[in-house]
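Contents: one structure, followed by commentary.
Computed from the coordinates by the stated procedures, all read-outs in this text should not be read as laboratory data. Model, not experiment: these values are computed from the prediction. Every residue, glycine as well, gets a Cβ built from its backbone with ideal geometry; the counts of neighbours run over all protein chains shown.
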Amino acid sequence: MKKIYALAAALILFAQGAGNSGPLLNRVINRIAENQKVKEDFNDGEGTPENSVLVYGRIPSLTSMHFLQMDSNFPADSQDATVFNKNDSVFCLAPVAPGSYYMAGYICAVTGKFITSGYFTLQGSFWDFRAPSKPGLYYYGAYSFYASDKAGERIALAEQKLEELKCLKLLEKRLKKTSWNDVIQKRIAELEGESK
């Protein structure tokens, strides 16, 4: 842990004196911080497959998404989705309480020269979800919102099982040394068995 912070501090100092290399180094620093945050969120003992729900999915071109827990029967929670791969836009949340209700507060996606973003009201939106009451995995889905006839709506991508498999394979790599690894591998085996 100390090594990561020392490396991050060294990179920050280097970036401050490096002129144009700042954006690249900022991405490196952000990736180090993101990896550390993911390890802390998933290894803190509070979010295990026995007592919580791991929410994951894919939205092409997603760069950020923010959720608020809105059910008064559960503790308050506010989370930024961790976007693991900007190219595939696979994301997940830190483990959430089973049965909790999350409302999307903000979403942003970038495609080429275009940035699509939106803030949502407390009336809810089609991006909201209720976690299953049973602990384990919850596939949020794979959606796009780039369709001229349905501007701003979430549109399910055609092959949901293939999309889920793509998400899980990336999560498997990123969460290998966490308590979620066995559950993820089991779901991958189920999906691969269904496709045969």
Quiz prompt | Interchain or long-range residues, amide H under 5 Å from Y106's placed H | solution = H66, F120
Quiz prompt | Förster-model FRET efficiency, 30 Å R0, K173 and S64, C-beta, rounded to 0.05 | solution = 0.90
Quiz prompt | Volume in Å³ per residue [convex hull over Cα atoms, computed for segment 69-114] | solution = 79
Quiz prompt | Surrounding net charge for M70, when Lys and Arg each add one and Asp and Glu each subtract one, Cβ distance under 12 Å | solution = -2
Self-check item: Two-site FRET efficiency, S72 against E50, from Cβ-Cβ distance with R₀ of 25 Å, rounded to 0.05
Solution: 0.50
Self-check item: 5 angstrom amide H check on L137, placed H, neighbours 5+ away
Solution: L54
Quiz item: Taking the simple approach of a point 7 Å from Cα along Cα-to-Cβ for both N181 and Y106, what is their distance in nm?
Solution: 3.4
Quiz item: Cβ under 15 Å from Y119's Cβ, Y119 left aside: what net charge do those residues give with Lys, Arg +1 and Asp, Glu -1?
Solution: -2
